[in-house]
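The values are calculated or read from the model by the stated rules, or taken from the named source; none is laboratory data. Computed from a prediction, not measured in an experiment: that's the story for all the values here. Here the Cβ positions follow ideal geometry from the backbone for every residue, glycine too, while neighbour counts run over all protein chains shown. All accessible areas refer to the heavy atoms of the entire protein, side chains included, with ligands and DNA or RNA removed. Shrake-Rupley method; radii C 1.70, N 1.55, O 1.52, S 1.80 Å.
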Amino acid sequence: MSITISRALRFAFAFALVLSISTEAQAQISLGKISGVVVDSATREPLPAASVRVEGTVLGAMANDMGEYFILNVPPGSYTLVVNVIGYVPVRAIGTQVDADITTTLNFELESTILESAEAVEVVATRDLVEKSLTSTRTIVQAEEIQALPVVNIAEVVLTTAGSFAGNLRGGRPQDQQTTIDGATVTGQQNNTGQAFTINPYMIQELQVKTGTFNAEYVNALAGITTVVTREGGSSYNGNFEYRTLGQKGLNWTKPPDLDIVDAYRAGSWSEQDLRDIIQGAIDKTNAFNSDPARADDGLRMQDPFDVLDMTGAPDSWSAIYKRDTYYWDYDRVIPEPEAILWSYLTDGLPEAQANSGVAVNRDAPVDRSFHLDKYNQFARNNRTEKRPVQIDFGMGGPLGSKLNWFASGRFTESWGRNPNDYSRLMNTFVKMTYRPRTSMKLSMSGLIEDQGFFSKKGQRSTSYGWKYNADGLNQNYNGRFHLNMAYTHTLSPRTFYEIRFSHLREYNERYNPKYGKEPLPALTSAFINSVGYSALEEGAGTQVPYILYGDQAYSSIDFGNYSSVRPFKTDINFAITSQVNSNHQFKGGFGVTMNDYEESTRGPARGNAVSLFNDLNLDPTASTLPLAGRQAHVYPVEYFAYMQDRIEYGSLVVNAGLRLDIFNANANAINPYRPRSGPGPEHDDPEYRTLDPSMKTGLAPRLGISHPITDRAALHYSYGIFNQRPPLQHLYMGLVQTSPFERNHGNPDLPFQKSTNYEMGLQAEIYPGYYVDVTGYFRDANNQPLTWLFAPDVAFIGGSQREVSILLPTFAQDARGLELSVRRQMANRFSVRANYTLAFTSDLTTPQTVRERGGETVLVFSDFVDGTPTPDTYIREFTANDRRHRIVANLLLELPYGISASFLTKAQSGNQYRTSSDQAIDPLGLLAAAHRSPWTWTTDLYAQKNFDLGNVRLGVFTQVNNLFDRANIYTVASASNNAAGDRWQRRGDPVGLVGGPVGGIGTQGNGPRDIWVGLNLAW
């Protein structure tokens, strides 16, 4: 298998050199179809042999004896159709819109003439708002609409669609969806989440979000799929360029809101004496520090702990407010709360850091670990980084001779983030070339390279709030991606064409501290190695500190502190054939193979009873480096698929019927949780350590969609489908070989396909000229999802002090049901509206924790595990953080005089469920009986542009305001047993995390303070 992949890689790199670039995602193109009837306008008789061609392309068709024509293999876009019949006036239909997987119907009525060369009649093609060939829910967004939205990538576009809650489709998890670009899957392979590449708007010709069932040809996804069709170079040169930056100096830092601690008394959490003691304790500690004689030498001074302190009247009318209006708000201010143990950096953190500095840490190179305000925010003013982020996008293309077209696009972004010491930079380049040696042949070649530090060796820094006083102790990310895609399309006849595709995706993900690089860590003093101080703010007690004040993550983490590398590669080869068998049936079938090359290597200092693993790095006994432990895996799983589908069209009745077969070979053995091996070497590989080879996994998935009209302006659609999705690679192969002192967490290569059964029924209607409504109800039942089980081993193993070994088993399920309402008003009288509302109910079905945590008591003998997945005696329905009951999205586009346009985008949603420690005590199994919801959140973004006509060039000057009304939203409240954050929120609405930082957003919808971007763009 590795030989096959190596040959494929050599071919890929050779092609990349021809293009003079590296590449991104592209392969099989999603195509549309144009059909209709050509008749005599006077007699209504069909006109056989009428010529219908797509202007500017080689596409076209001749009408049959019934006057019917159809044109296959049409890329999405806007076209002009030209119809010619001898003895009739030609017709040019401009603005014919074609979408992927949809039949565009266009009928023609021609007038007879006695002139030999009559001038063509030009008409504007109109399209019904109700798409009668739509058999399942999908949202189609054209390139022009995307460019008018206040968004910068496709993830933000997905957030505007019905059923999308913070990027999760129809209640699913992030790993339950897929993204394809021109037919190639570009979802991140390790966790099956996100897009491997950043797609800028100028790359996109059309974007579709499919949340209902979708055709058998598409890659499996449990909850939905996002498909992107990219632009191609046309018959003329055209392009776009955009530059944007912040109108202000830099991004505002995230910070917690102000807090009145008297709320704890009002909520009944504190007594009056508790309140008095906390207030007085904060004042006394501040005064003691400021009056210390040492202040004469160091010049330090504490601020008053309270900005507002009023203790007149009854206690419930008191005010004890302190502002947290800077990122380092507790540097020189005592935290007046019992959970924070009256802590501040100057009084408690600085002495700890100084005590762990100097020669006590490293005699040869003394280290100063103390923090001062300019250490990480040398560019800071007014609580933000005064370096403007920059983003540059471009897209351009055109012809290269008569047979070759090209298109290129790219993005450069650089930002210093919302936290001190943050830094990110992204560069990507995309190239697509289309060659037509004959009118019946088409060769598409595309590729993209994206760098986020891997190729440039420029680390991406992301500062955690808990490390804010020790940011340089964190590891940095070095990521990169490369994708190559080729497709050969051969039209055998006007009715039949086939396509062969090859694509290759490489992802590079590394994490390490540039102070030490990728090499083994220096064997410094034990004081240095172990000097990491940490205690969560709300769990601190005694003299523990609330932040990581000193030390390096490289030394503190045994699993990945020194170096972490995850490299999922995959190569796809497939064949597809499409044939319009007759006017009523369009058949499509295909098959293919995906060859994966997945390598994971994470290492850190070997401690305790951990056996060193990475022996090639531990061979020199004289080297002054630490022995390394961790985990590693290098596997070559293979996936196969085959499908067939029939698109049946009888008048306005459309039926999509399909069947898909998926086969997966994990090519790795699974862990025997009863007898883990006693060491990492080959001599320790007891035959009973692992099970026999996992079986080949198969999944059969029927799909059916029906659409039929009920009036000339309304249609019903129904769909049903089964979807089998391979588990994420991390779930399959995590920890297959590991030597941590607690060898516990293991993936499971024997996991079956995750399975989802989807149903939906909907009505779409044009309720008034120009006004469209779609109402859809759905149900999604997902099974075979992984859940952690703990087993008690019956033999000694690595890290033998550990009591259990965990492994993932497919005993988790989920169901989601809901109602989606979408409304659209076409552009008229200078404005258009697109809006949707989603009502959703999502719940998890899980095995009770008391059963899982002692799997050895449930699964009594080893053979029970080898012979198949243990079946739990019961399932329970529990609350889930993915459950968002309501969501509303509205987009208003205004076309104002003087070339000005404005787009407003508002997103609002109800809060997530969370549980306090008292809820957990009442309902330990996590049933729905005891739970709360965080508040509604909403934001409004604005994009406004003024256009100037400069001849063949259009200049646009724009502004984009994110979070126009500067809303401070709390997107989630943490929930767990004895969870102080949930308790605090319930008590007084304070959205502070465990170490004092604001709770982050879910997905891409977590918003920051208001930012005003400005820029210009060019179109030619």
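Residues that are open to solvent by less than 50 Å² (accessible area, probe 1.4 Å) and either at pLDDT below 90 or in contact with a Ser or Thr (Cβ under 8 Å, 6 or more places away or on another chain) (or both) within the range 948-979 comprise Asn962, Asn963, Leu964, Asn969, Ile970, Tyr971, Thr972, Val973, Ala974, Ser975, Ala976, Asn979, listed in sequence order.
Residue-wise test of (1) more than 24 Å from Asn891 (Cα to Cα); (2) surrounded by fewer than 19 Cβ atoms within 10 Å (Cβ to Cβ); (3) among the basic types (Lys, Arg); (4) assigned by the TED database to the domain that holds Gly721.
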| residue | (1), (2), (3), (4) |
| --- | --- |
| Gly172 | yes, no, no, no |
| Thr211 | no, no, no, no |
| Asn220 | yes, no, no, no |
| Ser235 | yes, yes, no, no |
| Leu246 | no, no, no, no |
| Ala267 | yes, yes, no, no |
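Conditions tested, residue by residue: (1) within 19 Å of the chain's Cα centre (by Cα); (2) under 23 Å from Gln730 (Cα atoms).
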site	(1), (2)
Gln178	yes, yes
Asn192	yes, yes
Ile204	yes, no
Asn215	no, no
Ala221	yes, yes
Ile225	yes, yes
Glu232	no, no
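The set of residues in the range 393-418 being surrounded by fewer than 19 Cβ atoms within 10 Å (Cβ to Cβ) and polar (S, T, N, Q) consists of Ser402 alone. Evaluated against (1) at pLDDT 85 or above; (2) surrounded by fewer than 23 Cβ atoms within 10 Å (Cβ to Cβ), Ala155 falls short on exactly one condition, (1).
When the test is whether a residue is crowded, with 19+ Cβ neighbours inside 10 Å, modelled with pLDDT under 75 and farther than 19 Å from Pro568 by Cα, Ala623 does not pass it. The strands (runs of 3 or more DSSP E) found entirely in the range 763-881 that carry 3 or more residues being at pLDDT 75 or above and of a type in the set (Val, Ile, Thr) are 771-791, 805-828, 831-846. Note on the range 273-301: residues that are open to solvent by less than 30 Å² (accessible area, probe 1.4 Å) and modelled with pLDDT under 95 amount to 5.
Here Pro90, Pro75 are screened, and the one residue that is at pLDDT 85 or above and either in contact with a Phe, Trp or Tyr (Cβ under 9 Å, 6 or more places away or on another chain) or closer than 18 Å to Thr230 by Cβ (or both) is Pro75.
Among the criteria (1) open to solvent by less than 30 Å² (accessible area, probe 1.4 Å); (2) modelled with pLDDT of 90 or more; (3) assigned to a strand (DSSP E or B), the one Ile706 does not fulfil is (1).
Scanning the range 102-125 for residues that are modelled with pLDDT of 85 or more, out of contact with any Lys or Arg (no Cβ under 9 Å at 6 or more places or on another chain) and hydrophobic (A, V, I, L, M, F, W, C) gives Phe108, Leu110. Scanning the range 710-731 for residues that are of a type in the set (A, V, I, L, M) and either closer than 18 Å to Asn191 by Cα or in the same structural domain as Gln175 (by the TED database) (or both) turns up just one, Leu729. Pairs are defined by a Cβ separation below 6 Å, a sequence spacing of at least 6 or placement on different chains, a first member in the range 305-324 that is of a type outside the set (A, V, I, L, M), and a second member that is assigned to a helix (DSSP H, G or I); the pairs so defined are Pro305/Ala282; Pro305/Thr286; Pro315/Tyr265; Pro315/Glu272; Asp316/Arg266; Trp318/Val262. For the range 289-308, the set of residues classified as closer than 30 Å to Asp260 by Cβ and under 50 Å from the mean Cα position of the chain (by Cα) consists of Phe289, Asn290, Leu300, Arg301, Met302, Gln303, Asp304, Pro305, Phe306, Asp307, Val308, listed by residue number. Across the range 128-162, the number of residues qualifying as under 25 Å from Met203 (Cα atoms) and not hydrophobic (A, V, I, L, M, F, W, C) comes to 12.
Of the residues examined, Glu217 is not one that is part of a loop (DSSP other than H, G, I, E, B), in contact with a Lys or Arg (Cβ under 8 Å, 6 or more places away or on another chain) and more than 20 Å from Phe641 (Cα to Cα). Inspection of the range 167-181 finds a residue satisfying the criterion of being more than 17 Å from Arg887 (Cα to Cα) and either part of a loop (DSSP other than H, G, I, E, B) or among the acidic types (Asp, Glu) (or both). Among the residues of the range 311-337, just one is among the acidic types (Asp, Glu) and out of contact with any helix residue (DSSP H, G or I) (no Cβ under 8 Å at 6 or more places or on another chain), namely Asp325.
Being hydroxyl-bearing (Ser, Thr, Tyr), over 15 Å from Asp260 (Cβ atoms) and open to solvent by 40 Å² or more (accessible area, probe 1.4 Å) is not true of Ser317.
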